[in-house]
Every structure is written in structure tokens, then in C-alpha cells.
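In what follows, a structure is listed as C-alpha cells, so that the remarks can point back to it.
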Amino acid sequence: LNILVDTGSSNFAVAGVPDPDVTSYFNPELSSTYRSEGIEVTVKYSQGSWTGVLGTDVITMPKGLYGSYTINIATILESENFFLPGVKWHGILGLAYGALAKPSSSVETFFDSLVRQAKIPNIFSLQMCGAGLPVSGSGTNGGSLVLGGIEPSLYTGDIWYTPIKEEWYYQVEILKLEVGGQNLELDCREYNADKAIVDSGTTLLRLPEKVFSAVVQAIARTSLIQEFSSGFWTGSQLACWDRTEKPWSLFPKLSIYLRDENSSRSFRISILPQLYIQPILVIGDNLQCYRFGISSSTNALVIGATVMEGFYVIFDRARRRVGFAVSPCAEVDGALVSEIEGPFTTADVASNCVSSVSFHEPVLWIASYALMSLCGIILLVLIVLLLIPPRCQHRYTDNDVVNDESSLVRHRWK
């Protein structure tokens, strides 16, 4: 089975029944090692969701790690907008922290199980070689996932590290953004509203609405295109050029500044237009159509595949940091389309650009239990009042109307 590697979720799950949009699935009834836990689990993403059953099974690694390891795995029984027409994958491998695991953080994640049983270092690294980039030499578009370490052949130059602010998603601190070398001049807390994360399972670079608007205006202002449809920026329209033209020269470079491990310094990762103006469709013999690889978000800045495809990214959980180095597979027409530069001083930004109040899920669960306890006390009082002799009770008339309107709170994932 082909598995999507997702650093923005924490469950390992595969298709467990036939589905019109998947070519293969795992049949647990034919496995001698699979054990069902009988626990239903539902996971929601920014797009799509699935419901399945938790179980355990045994895995072996094709190279490097010898032996068998027991891991938690969910078999997906129902899904909505998760498996899509034409996708080449049949499941998802969540590599974020246990705090995001469903139905609770007590479900040990795939990577935590591997670290515990195989005694490997608590670090993994990911090189994403995007489908939008041409294959160079004998390489493939797949990239590499290295469990337990760093592979020197997958990057060039130095690795720059930024601290992990919270261990749930891989939450980092972004200090500023530049378009074409020009600072957007936004309050740095805007970039981290309400979090900034590194997420391989998100296709685009997603920006908080205020930041997205500023980036679009800056790109439109500095690009060499006079008139541009608003539908291109919002993702509802493609832009097409003659196949002999290369539109990337019309657009500026985009830079993201991250706080260094030394908090008084920062470094910047930059992507050239080849990464965010993405070729996705050929029309006839002459036209190549492109999409805008950046979108708006209501609840996070997400460094997704649009940016990650330019870098070798190290998730150093042992030292609570994320590292970036230039990836040699991020090249178009023989030239690299990503850059890392530093160090820079942080004297011009706030000492902390991340909100001190972080309402992630463990806190929400505590608040939920507290509210449930309060409701229980109120219910107890009501029962006592009902048991009081009738002479103390209020007799309702036809004019007494009780309205009980409740609303659902929609959780936003990722």
C-alpha cells in the first residue's frame, strides 16, 4: 500500500474495506498478526475525514531496522473526501506528537512505538521531491523518509534549526515574511495566529487571512503582470501560458524568517516562484496551466508541501527542534529553486511572536471535563429541587415558555 506521510496528524491508518477511489486495501481478516482493539476512531483533517477501528499489527522495515515491531493501526471503514479520485495512496502515516492521536493521546503513535521498541534516536527527516518538479537524473519524485537520523546525501550546505514551541503539531515561531526582498511589515504575532506549523500533509503554503491578503498584494505589486484575475489568487482559476514560455520570471521570491536556536538570531528559508506557481494542467498542444500554491487559512500558518519540497526537513524531537537544509532535488532547468540564508538579528522583532495562551486539545479536554462536572452539580441541585414537597414547587402556566437552543461547536483541524 502507498502511504501518505503526514507530519500534521498522529494516527497510522489504512483503507480496511474496498473503496471506489483506492486500488488496494488491507483486509485484516486475512492477517494472522492483526488484533482488533474494537475501539472506534474518527479523524478529521482540513479536508476530509475518516472513521475506522483501532487495532495492532506487526511491521518489519525493509532496511536499516531489523526485527519485528508491534504498532497501532486503524483500518478505515468509512471516509468522506479523504480518498479522492485519481489518488495513488491507500492510507496515512501520522508522524506528529501523541497529543494529536485519536481517540486520545493514550494511543501510542507509530514513531513513538518504533523509538521505544527499536531503540532508534528520536529523530526523523523528510525530503519531499514534488510532483510539480521534473525528475532529474535517475531519481524519483517520491523523495525520502529517514527514520532515526539524518542522511547527508539528501541535502547541501548547512542545516539551520528553529525550536519547536509546542509538542503537538510541529509548531514553530515565524518572525517575518518578505516578498521580493520587501518586508510585509506586519506584527509578527499575525504570522503565528493562532499557530505556525510544519505539515507535510498539507499541499499548499497556507497563511492566516491577513497575512495572505498582504502577500497577494505584494506579489501582484512586484510581479511583471499588469492585470491578473482574482480567481487565480483564491484558487478558483488557473493561469495559462504558451508552453514555450516560463512564467516564473514574472514573479518574486518569497522568504520566511524563523527564529534560530539562539533566540537573538534568525534565518530565512526562501522559495522561488517555481515552487509556488505550480504547473498542473496541459491544454492541447500549446498551453500549460498553473495554480497558485498559496492559500488562506482561518486558524494557522501552515508550511506545507509548497515550501517543504524545496528543503530537507529534520524533525529532531530529542532536542525539540526542526531543521531546514537545501534539497538538491528542488531544481528546475539545472538551477536550485530554494535558498537558506542567515544569521540575521532579531532586534527588530518582538522577543516572543507566539501567543502565550495555547488552546490545543489537552487543554480543551480539561475544560470539557470541568464543564461536565459543573453540569453534573447543577443537575444534582435540580433533582433535589424536584424532590422538594409540592407546596414549594412553582406551578407553570401556559405563559411559561422554556426555550433550549444549543449549537454545535465546529472543531477546525490542522
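The values are calculated or read from the model by the stated rules, or taken from the named source; none is laboratory data. Because the structure is predicted, anything quoted here is derived from the model rather than measured. No Cβ is skipped: glycine too gets one built from the backbone with ideal geometry, and neighbour counts run over all protein chains shown. Accessible surface areas use protein heavy atoms only, side chains included; no ligands, DNA or RNA. Shrake-Rupley method; radii C 1.70, N 1.55, O 1.52, S 1.80 Å.
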Surface/4 of the Cα convex hull for the chain, nm²: 28.4
Rounded to 10°, Cα long-axis angle of helix 209-222 versus longest principal axis of the chain: 20
Segments 178-184, 292-298 sorted - mean Cβ within 10 Å per residue, highest first: 292-298, 178-184
Under-19-angstrom lysine pairs by C-alpha in the chain, whenever the two are 8 or more apart or on separate chains: 14
D333, D348, D316, reordered so the largest accessible area comes first (probe 1.4 Å): D333, D348, D316
Pairwise centroid distance, computed over Cα atoms, of the stretch 80-122 with the stretch 294-357, Å: 22
Using a Förster distance of 56 Å, the FRET efficiency for V58-R221 (Cβ separation, nearest 0.05): 0.50
Nitroxide proxy distance, nm - points 7 Å out along Cα→Cβ at D242 and L387: 8.8
Heavy atoms of V43: accessible area, 1.4 Å probe, square angstrom to 10: 10
Amide hydrogen neighbours beyond the local backbone of I164, cut-off 5 Å, H modeled: R321, V322
Fraction of accessible area attributable to carbon and sulfur, the chain (%, probe 1.4 Å): 53
Per residue value of the accessible surface for the stretch 121-357 (all protein chains in place, 1.4 Å probe), Å²: 42
Spin-label model distance (nm) - I283 vs T51, 7 Å beyond Cα toward Cβ: 4.1
Three-way shape call for the stretch 129-275 based on the alpha-carbon gyration tensor, with the a/c threshold at 1.5: oblate
1.4 Å probe accessible area per residue over the stretch 1-120, in Å²: 49
